[in-house]
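Below is one structure, written out as structure tokens; the observations come after it.
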Amino acid sequence: MENGSIQVLLVDDEEGFRQAIARRLDRRGLAVRQAEGGEGALAILAESAVDVVVSDVRMPGMDGLELLDRIKQGYPEIEVILLTGHACADDGVAGIKSGAFDYLCKPIEIDHLTEKIRQARDKIQRREEKRREAEYRRRMEEQMIATERLASLGTLATGVAHEINNPLAIIKEAAGWMTLILNKPEMEGAPRRADLQNAAGKIEDAVERARRITHQLLGMVRKSEGADMTDVSLDALLAESIALIYKEALNRDIEITRWVDEAVRSIHTDPYQLRQVFINLITNAVHAVGKNGRVIVTAQPEGDRVAITVKDTGEGIPKEHLERIFEPFFSTKAPGKGTGLGLFVTRNIVEKLGGRISVESRVGQGAAFIIELPRKKTKT
């Protein structure tokens, strides 16, 4: 860092001495402000950035030692150099014990003072570099933890998929067998045959949806599944997703409303994956509200994209949680009430659909999750 960027505050009640030192420091490229006493120095510090304070010890009113204490309390990053008379060296020693960078005895050698100011500024730089290094290590440790969590998630997902897919296959086979029996001619007169056929169809649809969820969790959505990309009624898909959660919301006296702009009634995407996103977000919103509140779902055009917002009137998300809300296994719910995977999976799905998801929230003012999707996802 160049000397010209070193901001110095010179504090001394002797105006002639102060002005002379300020001129000489200025000629050496330092930016110098002046104050004739402790109160004036604190007023300058409250308004301006200062690196090093050079202060006389013996001043009327607030002396240099008191000023040092005030600076260390309010501006701990600033370094202080004290100026004392030869007969008052004890004041300088007391200042060092209180946190001063150094002390010089009057009359001072200007080059010596300049070098001390440089050394003080170098100390500030080293301290800042250590802080940045510590912050970098902290972030790296967090990334390592996140990586370990992802590895754990992969192991967990593999086991979950295996355990779920086996009974799903049995359920699907049984539902198919039921459908086959119900479609036989001799079953035409069976009581409530149509209802049974409809129920078997719903079972098969639910099995297929569960199978897709396990694939999403594993990140195994193959390129060949691009065939699932189709024109979808966004309004109908939202209505279907809300219907699946409506009973739980009704039991909690929560009103769910939706509004879809006419310009985005249709979107070209994978309806199975997008439905899962809607279900996750709306369910989370209902849980965030608790009771007696609202969940508002809207969709509107944003250029060549569509913005879908799920907003709730719950308690909101604390600022310290916002950066971690999409991490795997991170949950603000009570133990046993959540896996911490819902939003992680939701973000992965949205990104696979070519979109992005963000969250806006303030404590006491609810939360809004915003999904931005292309109106037409290109096959990859």
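Mind listing the long-range amide H neighbours of residue 306? Cut-off is under 5 Å, sequence gap 5 or more, other chains count too, H placed in the peptide plane at 1.01 Å from N.
Excluding prolines and chain starts, which carry no amide H, the hits are 373, 375.
Let me know the charge dipole size of region 76-122 about its Cα centre in debye, to the nearest 20, where only the beta-carbon of Lys, Arg (+1) and Asp, Glu (-1) is charged.
Charge dipole, region 76-122, about its Cα centre: 60 debye, nearest 20.
Residue farthest toward the positive end of the dipole of region 3-108, with Cβ of Lys/Arg at +1 and Asp/Glu at -1: which of 43, 60, 16?
Positive-most Cα among the choices belongs to 16.
State to the nearest 20 debye the size of the charge dipole of region 35-90 about its Cα centre, where the only charges are +1 on K and R beta carbons and -1 on D and E beta carbons. Write out the running numbers ahead of the final one.
On the way: 3 positive and 11 negative charges, 13 e Å.
With only Lys, Arg, Asp and Glu charged at Cβ, the dipole is about 60 debye.
Taking a ≥ b ≥ c as the square roots of the Cα gyration tensor eigenvalues, with a/c under 1.5 meaning rounded and otherwise prolate when a/b beats b/c, else oblate, which class fits region 68-134?
oblate
Using Cα centres only, tell me the gap between region 234-281 and region 64-138 in whole Å.
Value for the Cα centre distance between the two parts: 62 Å.
Can you give the Kirkwood hydrodynamic radius of region 227-374 from its Cα pairs, in Å with one decimal? Could you put the intermediate results ahead of the total?
Working: mean 1/r = 0.0645 Å⁻¹.
Averaging 1/r across every pair of different Cα atoms and inverting gives 15.5 Å.
Starting from region 1-77, pick out the GluC sites (Glu not before Pro) whose DSSP state is loop and whose Cβ has at most 14 other Cβ atoms within 10 Å.
Values: sites: 2, 14, 15, 36, 39, 47, 66, 77; in loops: 2, 14, 36, 77.
Passing both the DSSP loop test and the Cβ count: 2, 14, 77.
Which residues in region 168-189 have a backbone N closer than 14 Å to a point placed 7 Å from the Cα of residue 197 along the Cα-to-Cβ line?
Counting only backbone N, you get 178-189.
Could you tell me which of rounded, prolate or oblate describes region 3-108, using a ≥ b ≥ c as the square roots of the eigenvalues of the alpha-carbon gyration tensor, with rounded for a/c under 1.5 and, failing that, prolate when a/b is larger than b/c and oblate otherwise? List each step's numbers first, then the result.
Working: a/c = 1.43, a/b = 1.13, b/c = 1.27.
Cα axes put region 3-108 in the rounded bin.
Hey, which lysines would be in cross-link range of residue 376, C-alpha to C-alpha under 18 Å, not counting anything within fewer than 8 residues on its own chain?
223, 352
Add +1 for every Lys or Arg and -1 for every Asp or Glu among the other residues with Cβ under 14 Å from the Cβ of residue 131, and state the total.
On the way: positive: 123, 126, 127, 130, 132, 137, 138, 139; negative: 77, 128, 129, 133, 135.
Net charge in that neighbourhood comes out at +3.
Values in this text are rule-based calculations from the coordinates and carry no lab data. All of these numbers come straight from a predicted model, not from anything done at the bench. Reconstructed Cβ throughout: ideal geometry from the backbone, glycine too, with neighbour counts over all protein chains shown.
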